[in-house]
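The values are calculated or read from the model by the stated rules, or taken from the named source; none is laboratory data. Just so you know, these numbers come straight off a predicted model, no measurement behind them. Note: ideal-geometry Cβ built from the backbone for every residue, glycine included; neighbour counts use all protein chains shown. SASA here: full protein model, heavy atoms, side chains in, ligands and nucleic acids out. Shrake-Rupley method; radii C 1.70, N 1.55, O 1.52, S 1.80 Å.
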Amino acid sequence: MKSFNLSDCTYNNSLSICRSWLCILLLGLGSTNLWAQQATLIKSPEAIPLSDNRIKIFLGGSIDMGKAENWQAQVERQLSDKNVIVLNPRRDDWQNDWKAVSTDPDFRTQVAWELEALEQADNIIMYFLPESQSPISLLELGLYARTDKLMVVCPEGYWRKGNVDIVCEKYEVEMYESLEELMVTLRNKIP
C-alpha cells in the first residue's frame, strides 16, 4: 500500500483534495458497506440467518391466508434503508388447498418457520386489521406477551380488540394507534 504523501495533494476550487488519502478512504469504506445500508428480507420458507447479529424484525399480524391487505409490503419499504433483517411470514407461493393439519408437509413447514422466526426476532410487529380475524396472530400475541419483543397495533373495529387491549395492558406490551406511529418508534430504535 502506498504511504500518504502531502505532495500528492492539489489545490482545486478553494478545496484541498488529497487523491491518495481519498482513494485509501474510499477503498476502505467500500468493504464495510457504510455507504448504503439495506434491509435483508427473508420470507417463509427461506432459511433464517441465525448467525447474523443484525436486528431481526418479525411481521406478525393479519394475513388471513393471503386475503388481508398486504401491510407487510409497506413495512418492508419503510425499513429498506435500515441494516436489519425483516422476517415476513406472508408467502408468495401460498396455496389455499394446503390443509391446516400437522401431517401436511407444506403447512408444517410454514408453522415451523414462523415459530423459529418469532424466537429469533428482536422485535415482533403485531398488526390486527379490523376486517380480519387473525386467530394465529392472537395465538402468537399470547406466546410473546411476556417478552419485550412485541409492538402492537389493534385499531377500533378489530373483533377481539378488548382481549388484545387487556393482554397488552397486563403485560405492558407497547401499543400504537396506527402502523405509521409504530414505524416511527421502530425506526428510531434501530441504530
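List of remarks:
- Listed by first and then second residue, the pairs linking a residue in the range 96-112 that is closer than 15 Å to residue 136 by Cα and in contact (Cβ under 8 Å) with a residue 24 or more places away in the chain to a residue that is small (Gly, Ala, Ser) and surrounded by 14 or more Cβ atoms within 10 Å (Cβ to Cβ), with Cβ atoms under 7 Å apart and 6 or more places separating them unless they lie on different chains, are 110/44.
- Listed by first and then second residue, the pairs linking a residue in the range 170-185 that is part of a loop (DSSP other than H, G, I, E, B) to a residue that is open to solvent by 90 Å² or more (accessible area, probe 1.4 Å), with Cβ atoms under 7 Å apart and 6 or more places separating them unless they lie on different chains, are 171/146.
- Neighbours by Cβ (under 8 Å, 6+ apart or cross-chain): first from the range 127-139, under 18 Å from residue 179 (Cβ atoms) and free of Cβ contacts under 8 Å to residues at least 12 places away in the same chain; second hydroxyl-bearing (Ser, Thr, Tyr) and open to solvent by 100 Å² or more (accessible area, probe 1.4 Å): none
To keep it simple, each residue is scored yes or no on (1) part of a helix (DSSP H, G or I); (2) out of contact with any Leu (no Cβ under 9 Å at 6 or more places or on another chain).
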{"residue": "51", "(1), (2)": "no, yes"}
{"residue": "58", "(1), (2)": "no, no"}
{"residue": "65", "(1), (2)": "yes, yes"}
{"residue": "68", "(1), (2)": "no, no"}
{"residue": "73", "(1), (2)": "yes, yes"}
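- Test: residue 121 is under 13 Å from residue 59 (Cα atoms) and at pLDDT 95 or above: yes
- Checked against (1) over 24 Å from residue 52 (Cα atoms); (2) outside any helix (DSSP H, G or I); (3) in contact with a strand residue (DSSP E or B) (Cβ under 8 Å, 6 or more places away or on another chain), residue 96 passes all but condition (3).
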